[in-house]
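What follows is a set of notes on a single structure, which appears directly below.
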Amino acid sequence: MKTPFIVVDGLDGCGKGTQILLFDERARLEERGKFLFTREPGGVPLATEIRYLFKSDLGMQASAMTQSLLMWASRRAYLEGSVWPALEKGTPVLSDRGDDSTLAYQVYAKQAPELEAEFWRMRKLIFEDRAPTLYIIIDVPAAVARERSLADKTHMSQFDRMPIEWFENVKKGFAAFANALPDQVVIIDGNRPPKEVHEDFYRVVGNACGW
């Protein structure tokens, strides 16, 4: 069985961070073995530096093309320096965000349809033949995501202050990604209590890991 490389994604405010934390706690308790928990952009020093740049005022003001290229550069660095070495050792990987976010945020939210074909070409170039084996998208209504994001004062970013139309466009981007790769994407209803979402999340990851 191929070592799982799982991306967990969704709108800001969808609850993905909570679900990763709940999974980590339960997997440790049930002694399910070692996992690499990482995130995009980030995971290795170079990608983390790109993350800081991306979230700066300069990065936020950059064009869709520039932001997209920053994300692909960061992604390649985290693959080479963290993800692929873990997979080669047989360690499953759970990544907080992935390339589906690039389609959602840099193409759909930034309203740059001219970049959609380039997205799929870059995806093939950057991942080679080692793309994620599974994407879990935690789906919530755009209005719910925005309300949750604005309520979370400790982790608020400039993305969280965007108008509802921004969140709706991001949601369309995730839907487009899921439609393009239906066999690799599982959508979980996140508009429920966290413990209910967790049961579905844990089952999906467990199935991917062969439990």
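In the list Leu69, Leu46, Leu94, which residue meets the criterion of being crowded, with 18+ Cβ neighbours inside 10 Å and not in a loop (DSSP other than H, G, I, E, B)? Talk me through it step by step, then tell me what you get.
Working: Leu69 fails: crowded, with 18+ Cβ neighbours inside 10 Å; Leu46 fails: crowded, with 18+ Cβ neighbours inside 10 Å.
That would be Leu94, the only listed residue that is crowded, with 18+ Cβ neighbours inside 10 Å and not in a loop (DSSP other than H, G, I, E, B).
Inside the stretch 3-37, can you point out the residues that are outside any helix (DSSP H, G or I) and out of contact with any strand residue (DSSP E or B) (no Cβ under 9 Å at 6 or more places or on another chain)? Spell out the reasoning first.
Just the residues of the stretch 3-37 that are outside any helix (DSSP H, G or I), to begin with: 3-15, 30-37.
Listed by number, the residues that qualify are Asp12, Gly13, Glu30, Glu31, Arg32, Gly33, Lys34.
For first residues located in the stretch 124-150 and touching a residue at least 12 places away in the same chain (Cβ under 8 Å), partners that are basic (Lys, Arg) and part of a loop (DSSP other than H, G, I, E, B) and lie 6+ apart or on another chain with Cβ distances below 7 Å form the pairs Thr133/Lys2.
If the condition is being closer than 22 Å to Glu25 by Cβ and either surrounded by fewer than 17 Cβ atoms within 10 Å (Cβ to Cβ) or in contact with an Asp or Glu (Cβ under 6 Å, 6 or more places away or on another chain) (or both), then the stretch 159-189 contributes Ile188, Asp189.
Can you work out which of the residues in the stretch 72-91 that are polar (S, T, N, Q) and touching a strand residue (DSSP E or B) at 6+ places or on another chain (Cβ under 9 Å) is surrounded by the fewest Cβ atoms within 10 Å (Cβ to Cβ)?
Residues of the stretch 72-91 that are polar (S, T, N, Q), as a first pass: 74, 82, 91.
Next, from what is left, pick out any that are touching a strand residue (DSSP E or B) at 6+ places or on another chain (Cβ under 9 Å): 82, 91.
Numbers: Ser82: 18, Thr91: 15.
Per the criteria, the residue is Thr91.
Can you go through Pro132, Pro182 and tell me which one is touching a Pro at 6+ places or on another chain (Cβ under 9 Å) and part of a loop (DSSP other than H, G, I, E, B)? First the steps, then the outcome.
Values: Pro182 fails: touching a Pro at 6+ places or on another chain (Cβ under 9 Å).
It is Pro132.
Computed from the coordinates by the stated procedures, all read-outs in this text should not be read as laboratory data. Just so we're clear, the structure is a prediction, and the values are computed from it rather than from any experiment. Positions of Cβ are generated from backbone atoms using ideal geometry, with glycine treated the same way; all protein chains shown enter the neighbour counts.
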